[in-house]
Amino acid sequence: MPIVVRIDVELAKRKLSVGEFAERVGLTPANVAVLKNGRAKAVRFSTLEAMCRVLECQPGDLLEWVDEDAAPM
């Protein structure tokens, strides 16, 4: 998938568990796992805003577009 989710990186930087993060954001741990593992089909802006608020980061820190057609370097 060309969109890579980097929630796990930001959680690790802050030594924050999925459970604590889920509680602060207002999601279930299962839904955080779906987002974290890149299985989500969509993310509400309100959820993205809450995640950025909790992690004190920008949306680009959590989501990255990767060109799958580009040749590896």
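If the condition is being of a type outside the set (A, V, I, L, M) and surrounded by 15 or more Cβ atoms within 10 Å (Cβ to Cβ), then the stretch 9-18 contributes only E10. When the stretch 19-55 is filtered for residues that are buried (at least 18 other Cβ atoms within 10 Å of the Cβ) and among the aliphatic types (A, V, I, L, M), the ones remaining, listed by number, are A22, V25, L27, V32, L35, M51, V54, L55. Those helices (runs of 4 or more DSSP H) of the chain in which at least 2 residues are acidic (D, E), considering only elements entirely within it, cover 7-13, 18-25.
One residue stands out in the stretch 33-60 among those that are free of Cβ contacts under 8 Å to residues at least 12 places away in the same chain and among the small types (G, A, S): the one that is farthest from R6 (Cα to Cα), namely S46. In the stretch 1-14, the residues that are without any contact (Cβ under 8 Å) to a residue 40 or more places away in the chain reach residues that are of a type in the set (D, E, K, R) and surrounded by 14 or more Cβ atoms within 10 Å (Cβ to Cβ) with C-beta atoms within less than 7 angstrom, at least six apart or across chains, in these pairs: D8/K36.
Readers should treat all values here as calculations from the given coordinates under stated rules, not as data from a laboratory. Computed from a prediction, not measured in an experiment: that's the story for all the values here. Glycine gets a Cβ as well: all are built from the backbone with ideal geometry, and neighbour counts include every protein chain shown.
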